[in-house]
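I have placed the structure first, in the form of C-alpha cells, so that the comments after it can refer back to it.
Coordinate-derived values only; no laboratory data. This one's a predicted model, so the numbers in the text were calculated from it and none came from an experiment. Every residue, glycine as well, gets a Cβ built from its backbone with ideal geometry; the counts of neighbours run over all protein chains shown.
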Amino acid sequence: MNVCLRCKSLLSGLVLLIVTLLLWASPVAAADLEAVSQVAGQAVCTNSSPSRLAVGGRAVVSIEPAFANSVRTEPSTTAAIIGRIEPGKWLTILDGPECAGGWVWWYVRSDEDVTGWTSEGDVSGYWLLPAYVPVLEEPRVTNLYSCLSPCHTDGSNSIGLFADATAPIYLRWHYKNIAAGVEYVRVWSMGGREWVRYKCTWPGPEDGIHAISLLETSGLRSGVWTMRIEVNGAIVAQTELTVAGDYRVWEPVRVRTNCADGVSSSGTDELSGPTTGVPMAAYGLTNANANLRRGPGTSYSKIGGAAAGTVVEIVDADTTGTWYQLASRAWVAVNLVDLCEGTYPDSCRPAAIFPR
C-alpha cells in the first residue's frame, strides 16, 4: 500500500515537471504584449505586417495618410501620450520591437527630440517608413589643367606660366560627387585679394568634366593667380598659374552666379566688369593732400585723409570713373591719385588713365 502511494506521488511529480517544462518552453507574454517572431530576419507580430525597421536605423513618418504618430510612455495604445511626430519628420530607432494589440512598436527619438514608443503600423499598412541614408563620398576634383588653348583630355598642353597680358587662359578638370543642390563657389584671387567670385546652387550632374576659359578683354593682370573651388564651404581644389610681365590692369567684379557654365559646353570666367574707362591699378600715389570719404562724391562725409605722397591700394572705381575705392573701403577723387606701374613704391609714377 505504501509502495503504491509512493508510486502515485512520483507519477504526480513527473507530470507536474513535464507540464512546467512545456509551459516554460512556450511563448508566454506578460500583460497585453504578444510574442515577437522572426521571418527572414523581419520582426513579425500577430495581425500585423512584417517590420522593415531595425535598431540603429532611421525612419520617417508616412505622409500618406498624413497623420502624426503618437509617442507613448509604453508600447500600448492605453499608455500616456508624451508627444507626436508629424508626417515627413525623421526619427532614429533606439530599441524594440515589441508587439501589442496587433501593432509593431519601436522605441524612438525624433529629430525634434521627442523620445518614446511609437508604432510602425498594423496589418493594413506602415506608418513608419525606412529612411535609407546613402553614404556620400566627398566631392573631388582631379586632372586640373591650365592651358593656352583648349586643354587636351590628357592635359598634354597644360602649362603654368603664361606671357604678359595673355587672354584667355583655358582650364579643364574632372569632378566627382558634387551633388545637385549644393553650394558651389569658384574664386579667382591674386596676392590674397579676391578678384571675382562665381557662386551658385550646383545644378548637376554629380560627376563630369568642367571646361572654362579665364578672360580679361584687355589682357590678364600680371602676377600669380589662384583659383579655388569650394563645395558647401569646403575647399575641394586649388591651383595657381602665373602671368608674366608687369601689366597692372585691375577691374574686380565681385560676385557672379553663372558658375555652372562649362559643364555641358565651354564656359567663360570674365574678370572685367562694366566699363568704367579707368584701369584699376593695384596701387596709386596721392599727388596732393586728399580727403577720404564714405562714398564716391563730395556729398559723402569725410572719414579721414591721406597726405601727398601716400601709397594707396585701389580696389574699384565708380561708374563715372572719377572716384577710386580703396582697400579700406574709403573713396578718394581720381584726380588726387597717380596710378603706379610696376613694383610700388619705387616705380610709382603718373600713368595714363586708360588701359592699353
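Observations on the structure shown:
- Rough spin-label spacing in nm, given labels placed 7 Å along Cα→Cβ, for Arg294 and Ala179: 4.5 nm
- Cα radius of gyration and Dmax for the stretch 283-339 (Å): 9.7, 26
- Remark: the Asn143-Thr78 segment gains 17.1 nm on full extension, using 0.36 nm per residue and subtracting the alpha carbon distance.
- Difference of contour (0.36 nm per residue) and Cα-Cα distance, Val123 to Asp111: 1.6 nm
- Centroid-to-centroid separation of the stretch 189-246 and the stretch 52-101 [C-alpha atoms, Å]: 49 Å
- Packing order of peptides 291-301, 179-189, 328-338, highest average first: 328-338, 179-189, 291-301 (average count of other Cβ atoms within 10 Å over each peptide's residues).
- When Asp207, Asp154 are arranged by Cβ crowding within 10 Å, least crowded first, meaning fewest neighbours, the order is Asp154, Asp207.
- Counting neighbouring Cβ atoms within 10 Å and putting the fewest first, the residues Leu53, Leu215 line up as Leu215, Leu53.
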